[in-house]
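Colleague: If you scroll down you'll find the structure; I have some questions about it.
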Amino acid sequence: MIEHQFAVPPNAAPPAPKNPRYVPPRDPPQPQVLLRQVTSNDVQAPVSPAIFTPTSQWIDVARGVQIAIYGGSHAGAGAIYVWISNLESGLDDPDTGMFVSNTPGPLTLTGVSGTTVSFEGTSGKGTFDLVTHLFG
């Protein structure tokens, strides 16, 4: 919206003629980040390695929220680190945090379905509920 209208000065040049068939040149493609397989040696959780040692990760974005789940260990016990971040505000969700099981670690993620995280550990297979934060 224009707040003020101004008269064209009497000595102004006429507007440039427009060519409706003019198409600007295409920008050349820019180099993109190369995607690659993440191995257990490359996983980096957003927490100090002195506190949490990751083995695997799962990341998804839904409706402007990034959910990252890391399997690993904390002080020898199996642990899962959940990082939920609102990409629009840049703020972390209150459910972000590390959840430690009562079994020896590390835990390796094997899948995520809905709010249930599946994993394998030294004591066998198990699940973690993202809503209740309980291991099963």
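The values are calculated or read from the model by the stated rules, or taken from the named source; none is laboratory data. Just so it is clear, the structure is predicted and the values come from calculations on it, not from any experiment. As a convention, Cβ positions derive from the backbone with ideal geometry for all residues, glycine included, and neighbour counts pool all protein chains shown.
Colleague: Against the definition (modelled with pLDDT of 85 or more and either outside any strand (DSSP E or B) or more than 22 Å from the chain's Cα centre (by Cα) (or both)), how does Ser73 come out, yes or no?
Modeller: For Ser73, the condition - modelled with pLDDT of 85 or more and either outside any strand (DSSP E or B) or more than 22 Å from the chain's Cα centre (by Cα) (or both) - is not met.
Colleague: Hey, can you tell me all the residues within segment 54-68 that are in contact with a strand residue (DSSP E or B) (Cβ under 6 Å, 6 or more places away or on another chain), among the aliphatic types (A, V, I, L, M) and over 15 Å from Gln44 (Cα atoms)?
Modeller: Val65
Colleague: Just name the residue that is surrounded by the most Cβ atoms within 10 Å (Cβ to Cβ) out of those in segment 83-106 that are of a type in the set (A, V, I, L, M) and modelled with pLDDT under 95.
Modeller: It comes out as Ile84.
Colleague: Taking segment 115-134 only, how many residues are in a loop (DSSP other than H, G, I, E, B) and buried (at least 17 other Cβ atoms within 10 Å of the Cβ)?
Modeller: Looking only at that region, the number is 1.
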